[in-house]
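Some notes on the structure that comes next.
Readers should treat all values here as calculations from the given coordinates under stated rules, not as data from a laboratory. As the structure is a prediction and not an experimental result, all values here were calculated from the model. Positions of Cβ are generated from backbone atoms using ideal geometry, with glycine treated the same way; all protein chains shown enter the neighbour counts.
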Ligand SMILES: [Zn+2]
């Protein structure tokens, strides 16, 4: 055993940034909503997306804070 491979995030958002949201998807009715930061053309948004059909239930402008700043640093490497 060695520490040669430090685990790196492979997804645009780290898993710990995802937060389960109570409620049901407007599109498919599944209670599979998750809230997480998403980088799009206009910058960072905090979205609530259905993990079943990927419908965007909610979307709001979001500042770059905390772990997202760290993630940006990681992606720049
Ligand atoms: Zn859905």
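Summary of computed values
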{"item": "Extension gain from residue 62 to residue 44, taking 0.36 nm per residue of separation minus the Cα-Cα distance", "result": "5.9 nm"}
{"item": "Paramagnetic reach from residue 19 in region 38-60 [backbone N under 19 Å; point 7 Å along Cα→Cβ]", "result": "38-40, 44-51, 56-60"}
